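Novice: Sharing a structure here in structure tokens format.
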Amino acid sequence: MKPIRSVCLTAILIFVAVSSALAQSSMTLSVDATDAARNIVHSKLNIPVKPGTLTLFYPKWIPGEHSPTGPINDLVGLKLSAGGKPIPWQRDDVEMFAFHCDIPQGVTVLDVAFDDVSQPESTASAKLARIKWNRLLVYAQGMNSDAITVKASLKLPTGWRFASALPVVNENKDDVQFKEVSLTQLVDSPAIIGANFRKLPLSSTAPMHEIDIVADTTAALEMKPETLTGLKAIVGEAYALFGARHYRSYQFLVTLSDHGGSEGLEHHESSEDGVGEKAFSDELELLDFAELIGHEYAHSWNGKYRRPVGLATPDFEQPMRGELLWVYEGLTQYLGKVLPARSGLWTAEDFREALAAVAAEMENQSGRQWRPLVDTAVAVQFTYPSPRAWMNYRRRVDYYDEGSLIWLDADVLIRSRSNGKLSLDDFCHRFHGGQDTAPVLKPYTFDDIVNTLNEVTPYDWREFLQARVDAVNPHAPLAGITNGGWKLVYTDKPNTEIRIADHARKSIDLSYSLGMLLKEDGAVMDVNPSSAAFKAGMAPGMKILSVNGRTWSTDVLHEAIAFSKSITAPIEVIVENGSFNETYKLGYHGGERYPHLERDNTKPDLIGEIIKSRAQQSK
Ligand SMILES: [Zn+2]
């Protein structure tokens, strides 16, 4: 189904102006990635044109990023020419992503050349890179991306290999020629390239599923047999969960590097999963990887196949509207935990630890006192790249995690009201399932969500969702946990999910004791405004130099927190604030505190039911 698009006068005028300058809508794109390890990728385009004015547009609104994040500042060396003669261009003085030019009489093909210079540690390392086509092309402004076809080719560094969901026509040493596809499909089908490569099939029957891995070292490619078993299981669990697939084949495109940037971006027939070099060998990183895989894979259904109308734009120019991201990302965040638990990549305890961490974080977000959840989604253009400082007060992108708690709440409610006969899986079957198809986009509205939930279990779903999404709520929606047979409790035992996050960002999360997030060197990343740390005068940007008279170390701080229970004196810290040192007294006596779920035996364990393998049940 085509996305709904409101036609305005300016859109019509642009279309007329463009169509007069275009001969046809087919172009070629030659990408030379031989300098990828230096963060430079060279691009050449041949665009059929007609004489007259033409505006070229660089993709601005990137699907899956929900924001105008096209890296326009990385486009350098732009040159337009025809038959070897340069053609001058001018950037639009309001729309920075648009370039105007005049096509001379007699010219039928415009040659465009530029370089994509990515930031170090963003898309490439010395041994691998992610090739994102949207960074490497321009197209005639005003054209629907379905109406343009592109014949792309890719030149690899010598000896490097590649993987992409894009169909290949010809491969000759380091040169790859891809099949002509729509611009929509091209941008949705990135490639990974690398010196160390491994391909592992995840299904033995059609459709083809595989994991393609490029890594900084050959050692990093090694995967434990149980991990491979779990990845194969996740394919079956997703099919059982949704009841149909909307792709011809599926590839997990994994990059393993501590220098190539992290990534998690969904596509119809693949996902970009950029993680650290030790993602397959480190216990915590492997748990994190399993959730990333579950999340991005679920997006093939929830995000690519079914997409909110506001995010189903016809090109890379029209602004996206994010008000339903608590479905797009929130439900995916929920399913991204359910799938690894059902597949054995996570244990039941891992699942509960993840729920406990999310529940505690959302309950303790001070930003929830001023900002309704929907506002974190509506404002995605600036909430996603929010600064780390005062993030607890901003409540950044809670549509992910609080969204996941709302969907857990809905799942438990459906299970309770149907005496265990129905679940959110039934919603997913109706909403995301149907017949197996090739990639297709079926946009939805808030009413479609409410109506489908009502088809599964009659209830006042409109009120249920609006109360949780649109209103300012002093407390997080924890009914899914409490009605699911568990209680959120705090103990001095570290939480697994928090250990994963601390490991990844080299931080010390003291959110539920002192109310601070620190770097391992004592730098303060965030402070909760209702915490002991805030009341003592602390703020992000400060750095702790000493604790109770002893030089800073993580051990010294942990000992002081644990000991706080036994004494009445405050924890005294000396902090650096700019060029000044100051002393603060933290009146805290609760000891170490980390969230966990504790069984409530007065209620059935529905959370245990949620993570039972569905693929096994339906066999
Ligand atoms: Zn997502």
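Quick note: the coordinates plus some simple rules give every number you see, no bench work behind them. Keep in mind that what you see is a predicted model, and the values were worked out from it rather than measured. Backbone-built Cβ (ideal geometry, glycine too); neighbour counts: all protein chains shown.
Novice: Out of every Cα-Cα pair in the chain, what percent are more than 35 Å apart?
Specialist: On the way: 85084 of 191271 pairs.
Summing the P(r) tail past 35 Å for the chain gives 44 percent.
Novice: How many percent of all Cα-Cα pairs in the stretch 29-124 sit more than 20 Å apart?
Specialist: On the way: 1971 of 4560 pairs.
More than 20 Å apart: 43 percent of the Cα pairs in the stretch 29-124.
Novice: Another question, if that's okay. Let me spell out the model: positive unit charges on the Cβ of Lys and Arg, negative unit charges on the Cβ of Asp and Glu, origin at the Cα centre of the chain. What dipole size does that give, in debye rounded to 20?
Specialist: Working: 62 positive and 78 negative charges, 168 e Å.
Value, rounded to 20: 800 debye.
Novice: Still on this structure: Rounded to whole Å and sorted largest first, list the principal axis extents of the Cα atoms in the stretch 119-232.
Specialist: Principal extents (largest minus smallest coordinate, Cα): 49, 36, 27 Å.
Novice: Taking the simple approach of a point 7 Å from Cα along Cα-to-Cβ for both Thr28 and His100, what is their distance in nm?
Specialist: 3.1
Novice: Packing-wise, with mean Cβ within 10 Å as the measure, how do 168-179, 403-414 rank, highest first?
Specialist: Descending mean neighbour count gives 403-414, 168-179.
Novice: Placing +1 at every Lys and Arg Cβ and -1 at every Asp and Glu Cβ, with all other atoms neutral, what dipole size does the stretch 378-515 have around its Cα centre, in debye to the nearest 20?
Specialist: Numbers: 16 positive and 18 negative charges, 97 e Å.
Dipole about the Cα centre, nearest 20: 460 debye.
Novice: If eta is 0.692 mPa s and T is 37 °C, what Stokes-Einstein diffusion coefficient results for the stretch 279-396, Kirkwood Rh from Cα pairs, in µm²/s? Each step should come with its number before you reach the end.
Specialist: Working: Rh = 15.9 Å.
For these conditions, the coefficient is 207 µm²/s.
Novice: Toward the positive end of the charge dipole of the stretch 406-534, about the Cα centre and with charges on Cβ (Lys, Arg +1; Asp, Glu -1), which of Leu453, Ala504, Tyr490 goes farthest?
Specialist: Working it through, the farthest residue towards the positive pole turns out to be Tyr490.
Novice: Treating cross-link reach as a plain straight distance, find the lysines whose alpha-carbon is under 22 Å from the alpha-carbon of Lys519, omitting any fewer than eight places away in the same chain.
Specialist: Those lysines meeting the cut-off are Lys278, Lys493, Lys506, Lys535, Lys543, Lys585.
Novice: Non-local amide H neighbours of Leu545 (under 5 Å, H modeled in plane, Pro and chain starts lacking H): which ones?
Specialist: Sorted by chain and number, the residues that satisfy this are Ile574, Val575, Glu576.
Novice: Which residue, chosen from Gly434, Gly336, Thr554, occupies the Cα position most advanced towards the positive end of the dipole of the chain, where the dipole is computed from +1 (Lys, Arg) and -1 (Asp, Glu) charges on Cβ about the Cα centre?
Specialist: About the Cα centre, the residue reaching furthest to the positive side is Gly434.
Novice: For Cys101, Cys428, what's the fewest-to-most ordering of other Cβ within 10 Å of each Cβ?
Specialist: Values: Cys101 19, Cys428 24.
The fewest-first ordering by Cβ neighbours comes to Cys101, Cys428.
Novice: Which of Phe289, Gly264, Gly276 sits farthest toward the positive end of the charge dipole of the stretch 254-316, with +1 on the Cβ of Lys and Arg and -1 on the Cβ of Asp and Glu?
Specialist: Towards the positive end, the residue furthest out is Gly264.
Novice: If you don't mind, another one. Taking amide H atoms as placed 1.01 Å from N in the peptide plane, list the residues 5 or more away in sequence, or in a different chain, whose amide H sits under 5 Å from that of Thr437.
Specialist: Here the answer is Arg245, His246, Tyr247, since their amide H atoms fall under 5 Å of that of Thr437.
Novice: Please get the size of the charge dipole for the stretch 107-255, origin at its Cα centre, with Cβ charges of +1 on Lys and Arg and -1 on Asp and Glu, quoted in debye to the nearest 20.
Specialist: With only Lys, Arg, Asp and Glu charged at Cβ, the dipole is about 260 debye.
Novice: Related question: Taking a cut-off of 14 Å, what percent of all Cα-Cα pairs in the stretch 454-540 are separated by more than that?
Specialist: Of the Cα pairs, 75 percent sit more than 14 Å apart.
Novice: Please list 3J(HN,Hα) in residue order for the stretch 224-232, calculated via the Karplus relation 6.51 cos²θ - 1.76 cosθ + 1.60 where θ = phi - 60°; whole Hz, with x for glycine and proline.
Specialist: Residue by residue, the stretch 224-232 yields 5, x, 5, 5, 4, 4, x, 5, 5 Hz.
Novice: In the stretch 537-579, which trypsin sites (Lys or Arg not before Pro) fall in coil by DSSP and have 16 or fewer other Cβ atoms within 10 Å?
Specialist: Values: sites: Lys543, Arg550, Lys565; in loops: none.
Answer in residue order: no site qualifies.
Novice: Let me ask something else. Applying a 10 Å radius around every beta-carbon, put 103-111, 584-592 in order of their mean neighbour count, most first.
Specialist: Values: 103-111: 15.1, 584-592: 17.0.
The densest-packed peptide leads the list: 584-592, 103-111.
Novice: Compute the acute angle (0 to 90°) between the alpha-carbon long axis of helix 9-21 and the principal axis of greatest extent of the alpha-carbon atoms of the chain; round to the nearest 10°.
Specialist: The answer is roughly 40 degrees.
Novice: Tell me the angle of helix 398-417 to the major Cα principal axis of the chain, expressed in degrees between 0 and 90 and rounded to the nearest ten.
Specialist: Helix 398-417 sits roughly 70 degrees off the main axis of the chain.
Novice: Okay, next question. Which of Arg307, Arg198 has the fewest other C-beta atoms within 10 Å, and how do the rest follow up to the most? Display every interim value, and only then the final one.
Specialist: Values: Arg307 22, Arg198 19.
Ranking Arg307, Arg198 by Cβ neighbours within 10 Å, fewest first, gives Arg198, Arg307.
Novice: To the nearest 10 degrees, how steep is helix 283-298 against the longest Cα principal axis of the chain, on a 0 to 90 scale?
Specialist: Tilt of helix 283-298: around 50 degrees.
Novice: Would you mind ranking Val31, Val181 so that the residue whose beta carbon has the fewest other beta carbons within 10 Å leads the list? Spell out each step's value before the answer.
Specialist: Values: Val31 24, Val181 17.
So the ranking, lowest neighbour count to highest, is Val181, Val31.
Novice: Follow-up question, since we're still on this one. Between Asp470 and Ser613, what is the label-to-label distance in nm when each label sits 7 Å out along the Cα-to-Cβ direction?
Specialist: Distance between the two pseudo-spin positions: 4.3 nm.
Novice: A further question on this structure: In Å, what Kirkwood hydrodynamic radius results for the stretch 223-271 from the alpha-carbon pair distances? Present the calculation step by step, with values, prior to reporting the outcome.
Specialist: On the way: mean 1/r = 0.0787 Å⁻¹.
Taking every pair of different Cα atoms in the stretch 223-271, averaging 1/r and inverting gives 12.7 Å.
Novice: What residues qualify as long-range amide H neighbours of Ile103, i.e. H under 5 Å apart, gap of 5 or more or another chain, H built at 1.01 Å from N?
Specialist: Under 5 Å from the amide H of Ile103: Gly52, Thr53, Leu54.
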